[in-house]
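Step one of this worksheet: look at the structure below.
The values are calculated or read from the model by the stated rules, or taken from the named source; none is laboratory data. It should be emphasised that the depicted structure is a prediction, and the values quoted were computed from it without experimental measurement. Cβ: placed from backbone, ideal geometry, glycine included. Neighbour counts: every protein chain shown. The area values use the complete protein model at the heavy-atom level, side chains included, leaving out ligands, DNA and RNA. Shrake-Rupley method; radii C 1.70, N 1.55, O 1.52, S 1.80 Å.
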Amino acid sequence: MSGYHIYGRPFAGSLVAEFLLTEVGDAYTISFPDKEERDSKAFRTFSPLGKVPALKTPAGYIICETVAIIAHITDRHPELIPSSPESRDRHWEILSLLGTTMYPAYHRQHHPHYYGPDTAFNEMRRLAQVDQSVLLNHVEAMLTPYLCGNILTAADFYFYMMSRWDMKKETMFDGRPKLQAFVNKMRKHPSIDKVLASQPRKPH
């Protein structure tokens, strides 16, 4: 086969794969499998919980889990990560923090039914927002103007994607001027603008 294929959802976690492949100029196609397809035996052979995103590589094998997808793309395009060992360590530290803590905090707010009964939804969202606020303050302190200094990296695309899901956008930038500048700058980035314009439906 030629090029990549992304299994994703519009305006969801597959955005980062689109951002990065667009940024480096690699060809890809994308499909949006419905629940029936995601629950199928064939789909679950490579994504055992039926989750997206997943990335089919030009070699024909499929990778699931967002951080693993980012690792695959950056391994082939080292221009997406910092060059010095210390900065690379920081880059992967940031990606791990985003993937293991911030992403789940957003997921608990938008999809609390995965985590408990409806009587607990409000408290789950509140606690997730507490974690999220701590992390946003941490990001605010790191931005100079990007997460790894003045170099645009894969971590910036990943974090920008998550920032779009914030449920309290009216307060997200309170006391965080660097975060606001970062989000505004990333939204105007050509690769991001192109991908968002290509999504097949409006976000929620």
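Summary table below
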| item | result |
| --- | --- |
| ASP89 paired with THR144, simple spin-label distance in nm, labels 7 Å along Cα-to-beta-carbon | 1.6 |
| Convex hull of Cα atoms in segment 28-71, direction-averaged projection (nm²) | 3.2 |
| Candidate aspartates and glutamates - alpha carbon under 12 Å from LYS185, same-chain residues fewer than 8 apart omitted | ASP156, ASP193 |
| Percentage of interatomic Cα-Cα distances in segment 53-112 larger than 15 Å | 60 |
| Amide hydrogen neighbours beyond the local backbone of ILE63, cut-off 5 Å, H modeled | LEU55, LYS56, THR57 |
| Sequence of ASP39, ASP166, ASP26 when ordered by accessible area, the most exposed leading, probe 1.4 angstrom | ASP39, ASP26, ASP166 |
| Kyte-Doolittle at least -1.0, axis length at least 30 Å by Cα - qualifying DSSP helices, the chain | 121-142 |
| Accessible area of GLU37 in the full protein assembly, 1.4 Å probe (Å², nearest 10) | 80 |
| Under 13 Å from the LYS194 label point (7 Å along Cα→beta-carbon), backbone N, segment 15-58 | 18-29 |
| Principal semi-axes in Å for segment 125-204 [√(5λ), Cα gyration tensor, largest first] | 21, 18, 10 |
| Amide proton proximity set for ILE30, modelled H, under 5 Å, gap of 5+ | ILE6 |
| Set of aspartates and glutamates near LYS51 by C-alpha distance (under 14 Å), chain-local residues within fewer than 8 positions excluded | ASP34, GLU36, GLU37, ASP39, GLU65 |
| Nearby aspartates and glutamates by direct alpha-carbon distance to LYS169 (threshold 17 angstrom, same-chain neighbours under 8 apart not counted) | ASP131, GLU140 |
| R0 of 22 Å, Cβ-Cβ distance GLN180-HIS77: FRET efficiency to nearest 0.05 | 0.15 |
| Sulfur and carbon atoms: percent of accessible area, segment 104-204 [1.4 Å] | 56 |
| Qualifying trypsin sites (Lys or Arg not before Pro) in segment 1-72, DSSP loop, other Cβ atoms within 10 Å at most 10 | none |
| Rule-of-thumb Rg ratio for the chain [Cα; 2.2 N^0.38 Å; N residues] | 1.02 |
